[in-house]
Amino acid sequence: MQIHITARHIRLTQPIRGYVEEKIAKAQKYFNHIVWAQVVLSVERKAHQAEIMIHAGHQTFRCVAKGVDLHSAIDLVSDKIDAQLKKYKERVRGHHKERTEEFPAAAPEETGQARFMVVKQVLREMTCDQAADEMDELGHNFRLFVDQSTGQISVVYRREDDSYAVLQPVKKNGK
């Protein structure tokens with residue numbers, strides 16, 4: 001596995017590099033075919049931020065965390081990425097179990113039962129950029145918010161190419 005570490009506004013010392021590599025190595029217990037990992041460490045004013053991107057197989061995982069010092073930010077982001085990897089591996093493992101069953105259960109569409117995860121978010125008035133920043137801080141893939149410029153409910157989400165998109169409601173006649 002290749003690990004790329006980038007430091008912004010701080011000097012990358014050997015102890016910090018070793019600490020990051022030790023935390024990234026924990027991810028190997030979830031996937032033994034991790035291709036690369038990229039870590040970006042930065043300091044803005046007094047806020048320390050750590051970002052990790054891991055590419056494993058056909059999936060890319062990304063987390064961002066802020067802390068009062070660099071080690072706490074690295075610990076937080078490491079825990080977040082471990083949780084994402086664990087959740088993904090359990091989900092993949094669950095799909096493989098269903099395929100190996102001798103008599104698979106009926107699909108949810110056939111039984112009329114659907115599985116949904118209800119996500120409740122407090123609607124706040126904010127700009128698209130604020131919603132995207134809050135979404136990144138929380139580690140979510142989308143954020144529901146009230147757009148300050150239009151006053152309408154909108155959704156900001158991360159696309160596959162790591163850019164952002166905003167969903168805005170439009171009436172049938174296009175206005």
Which one of these is under 25 Å from Glu160 (Cβ atoms) and in contact with a His (Cβ under 9 Å, 6 or more places away or on another chain): Val92, Val35, Val77, Val43?
Val35
For the range 23-51, how many residues are free of Cβ contacts under 8 Å to residues at least 40 places away in the same chain, over 15 Å from Ser72 (Cβ atoms) and out of contact with any strand residue (DSSP E or B) (no Cβ under 7 Å at 6 or more places or on another chain)?
5
Considering only residues that are in contact with a Gly (Cβ under 7 Å, 6 or more places away or on another chain) and either more than 18 Å from Pro15 (Cβ to Cβ) or surrounded by fewer than 19 Cβ atoms within 10 Å (Cβ to Cβ) (or both), which ones fall in the range 65-87?
Leu76, Lys80
Could you tell me which residue of the range 97-144 is modelled with the highest pLDDT, considering only residues that are polar (S, T, N, Q) and assigned to a loop (DSSP other than H, G, I, E, B)?
Thr127
For Tyr88: the one exception among (1) over 15 Å from the mean Cα position of the chain (by Cα); (2) of a type in the set (Ser, Thr, Tyr); (3) at pLDDT 65 or above:
(1)
From the options Ala27, Ala50, residue that is modelled with pLDDT under 90 and of a type outside the set (Ser, Thr, Tyr)
Ala27
Scan the range 152-170 for residues that are without any contact (Cβ under 8 Å) to a residue 12 or more places away in the chain and farther than 19 Å from Thr60 by Cβ and report the count.
1
Residue tally, condition within 19 Å of Ala47 (Cα to Cα) and touching a Leu at 6+ places or on another chain (Cβ under 8 Å), over the range 3-31
8
Taking the range 127-152 and keeping residues exposed (fewer than 15 other Cβ atoms within 10 Å of the Cβ) and over 30 Å from Ala83 (Cα atoms) leaves Gln148, Ser149, Thr150, Gly151, Gln152
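The values are calculated or read from the model by the stated rules, or taken from the named source; none is laboratory data. A quick note: this is a predicted structure, and the numbers were derived from the prediction, not measured. Ideal geometry is used to build each Cβ from the backbone, glycine not excepted, and the neighbour counts take in all protein chains shown.
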